[in-house]
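Participant: Pasting in a structure now, in structure tokens, and then I'll have a few things to ask.
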Amino acid sequence: MNRSFGIELEIAGISTQHALAALQAVGVTVRQEGYNHTTRTHWKLVSDSSVQGGFEVVSPVLHGEDGIAEAMTVAEALSDAGATVNRTCGFHVHFDASDLSVADVKTILRRYADHEAEIDAIMPPSRRGGANTFCNTLARISFPRMMQAESISEMAVIMGSRYYKVNLEAFRRHGTIEFRQHSGTVNARKIANWVRFLGQFIDACKAMNTAPVASAPVIDHPALRGVQARLAAMFTAQGVVSLASICDAFGWLPHTARAAITRLRRTGMQIEPIRGQAAYRLTGGMMQEAAPAQESLWNGISESVVRFYRNRAAVLATL
């Protein structure tokens, strides 16, 4: 994971003085400050009215695996000092978005929303769905409007609040995208895996937008041309295609995308809507015999991170 990031740990159980002493003892440069949103070159302890009986530990800008190691050192020191978390605590991660295009951010939002149920499964119940007002479900966002936005700042205005699992308002203030879903923790391993997962998730979304859509061959219908051929190639390569991804790829509104799918059906392609989802499945016609599986949450995620979260989901399912 090579992306720059910053973290916010909401904690309880110890005083700010105790936290300062513990972090300084392990060589961390840290200051206690009043409530602020200013990015520092040192760690800071600030008040947070949303945290019951606690406060927030905020990092400076951290970089890649070295930054993850530093965050783990901080978490271990706080844990050893007696820090705890409660249901009012969260763990937020900001990622540098300076290299992300509008299309990249749309893909991040769309994929997070498409896989929200899977991500919920690796979170405690208090951080699932719309259960927490400080990290609301992305299902409440107007995605048709979001997909028409021409800038990330416009997308943030459409979102209208920072209290979503993915927060774009941070882009206007810090040039970052914030992920707010994770529950409060001082577990160094949980922190490291969540940062790695999110960083790799962002990179995978970015890679999807740089891969040429038209590279998949339209082998059974050589008469197709232009956007019809490109759309057919998407279904040929993927098998299952979301309406949002079509709009992203072609710059269309949803009704235009639906009309294009209807025209493809007239060529003999067997495309069916998936019930309960804004997505379509190719069931016959141009789909190759060994069509790739439906796009996965774990595309581009390292094996160790996948294993960590699959085990975590299995355990949480028993509770």
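Participant: May I ask for the equivalent-ellipsoid semi-axes of the chain, computed as the square root of five times each C-alpha gyration tensor eigenvalue and listed largest first in whole Å?
Facilitator: 41, 19, 17
Participant: Within the chain, how many lysine pairs that are 8 or more places apart, or on different chains, have C-alpha atoms less than 24 Å apart?
Facilitator: Going through the chain pair by pair, I get 6.
Participant: Can I ask one more? Return the FRET efficiency for the residue pair ARG312, SER151: r is the Cβ-Cβ distance, R0 is 41 Å, and the value is rounded to the nearest 0.05.
Facilitator: The computed FRET efficiency comes out at 0.70.
Participant: For region 40-109, taking Cα atoms only, what is the radius of gyration to one decimal and the Dmax to the nearest whole Å?
Facilitator: Values for region 40-109 (Cα only, Rg and Dmax): 14.9, 44 Å.
Every read-out reported here was derived from the displayed coordinates using simple, explicitly stated rules and does not represent laboratory data. Predicted model only: the values in this text are computed from it and were never measured. Because the Cβ atoms are built from the backbone with ideal geometry, glycine has one as well, and the counts that use them run over all protein chains shown.
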